[in-house]
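Data first, discussion second: the structure below is written as structure tokens.
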Amino acid sequence: MHNDILKLAYEVSSITEKKVVSIDTVVRQARFLAINTRIEAARAGAGGDAFSVFADEMRDVATTITAISAELRAAISESTARLAETGSRLVIATKGARFADLALNVIDIIDRNLYERSCDVRWWATDSAVVAALEAGDEESLRHATGRLRIILNSYTVYLDLCIVDRSGVVVACGRPDLYPRAVGQNFSQASWFRDAMQTRSGDEYAAGGVQHVPALNGAAAATYATAIRQGGHLNGRILGVLGILFDWTPQSSAVVTGVRLTPEEQSSTRVMIVDAHYHILAASDGAQTLSDTYPLEPTGSAGFYVKGNCLVAYALTPGYETYKGLGWYGVIEVRLNSQPRV
């Protein structure tokens, strides 16, 4: 609708200009005719006085029409300029609000997904096989725990791997030792998710490690969630170690940022992103980013939009979901305001 207002404003301006040009052409012709009439009146002498008066009248009329034409051009130009400016503001406001809603939808989908991961890790850490792997620590218990983790992974395709980590930070069992042979024996003692999980006060708490490339998983990007494995699987049992679940970030996040409902025209000029609290690009619909790349986001609130250069930038801060408070991430949508496709 607002685009129609802009088109109408430009059409009115164009039509008015053409008509004013036509009026100016007629006025020039009238002036020329008045000049010729005065010349003929002069030649006719006293008998041409009446023609001389007619020529003067034609000149005065032409002058009046010229003034009216100039006033019309100025008035229409000013009005259509205001109309175009108002229409442009309405277009930006409408697009901005729509894309800010879409940005919120993007981060909300991620939040809901990661909320499930925070739930998974807390109840899997109470699994008897997982607890026994650290309580007994013998080969049979570790083999049984590996089998149990493999069964879970076969049912939950969103994970790269699940790892049981002892108190020193060393992985003693994982669900896919055949796919990731370097995982067992890997030392995660310096990983933030391990340290934070070891500091949890009960089995109701968990730790999140953000998104990082994990060398032990062949360099794949993973969002890691963890909680303490406690003696007897009790909420307040003594901490035996940590269960870390490594969410397969790339395909899951890609599905979210490429799944935003855009028109065919919008798809060629729009980039959908997820950025972290430090504006590192975690996922982008064009795929042209690494986790070290940043986006120059300039938020002024939890959600909104602004125009910078030739781009409309809409954003929304994670609102969290249920017991998942989020990690300060944003959904971001960048839209080029001209019709040229992104290169």
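The values are calculated or read from the model by the stated rules, or taken from the named source; none is laboratory data. Nothing here was measured: the structure is a model prediction, and the numbers come from that model. Note that each Cβ is placed from the backbone with ideal geometry, even for glycine, and that neighbours are counted across all protein chains shown.
When only residues in region 151-171 that are closer than 21 Å to Ala255 by Cβ and in contact with a Gly (Cβ under 6 Å, 6 or more places away or on another chain) count, which is surrounded by the fewest Cβ atoms within 10 Å (Cβ to Cβ)? Among them, the one singled out is Leu153.
Of the residues that make up region 197-210, is at least one basic (Lys, Arg), modelled with pLDDT of 95 or more and surrounded by fewer than 14 Cβ atoms within 10 Å (Cβ to Cβ)?
We begin by selecting, within region 197-210, every residue basic (Lys, Arg); these are 201.
Subset that is modelled with pLDDT of 95 or more: 201.
Imposing the further condition that a residue be surrounded by fewer than 14 Cβ atoms within 10 Å (Cβ to Cβ) reduces the set to 201.
Scanning region 197-210 turns up at least one residue that is basic (Lys, Arg), modelled with pLDDT of 95 or more and surrounded by fewer than 14 Cβ atoms within 10 Å (Cβ to Cβ).
Only a single item in (1) at pLDDT below 95; (2) exposed (fewer than 15 other Cβ atoms within 10 Å of the Cβ); (3) assigned to a loop (DSSP other than H, G, I, E, B) is not met by Pro296, and it is number (1). For region 292-332, a residue qualifies if it is among the aliphatic types (A, V, I, L, M) and farther than 20 Å from Ile109 by Cα, and the qualifying residues are Leu297, Val307, Leu312. Scanning region 239-278 for residues that are touching a residue at least 24 places away in the same chain (Cβ under 8 Å) and of a type in the set (Ser, Thr, Tyr) turns up Thr250, Ser253, Ser254, Thr258, Ser268, Ser269, Thr270. Taken together, Ala136, Ala125, Ala145 contain a single residue that is surrounded by fewer than 22 Cβ atoms within 10 Å (Cβ to Cβ), within 19 Å of Arg230 (Cβ to Cβ) and hydrophobic (A, V, I, L, M, F, W, C), which is Ala136. Out of region 213-249, which residues are over 31 Å from the mean Cα position of the chain (by Cα), more than 19 Å from Asp196 (Cβ to Cβ) and outside any helix (DSSP H, G or I)? Selection gives His234 alone.
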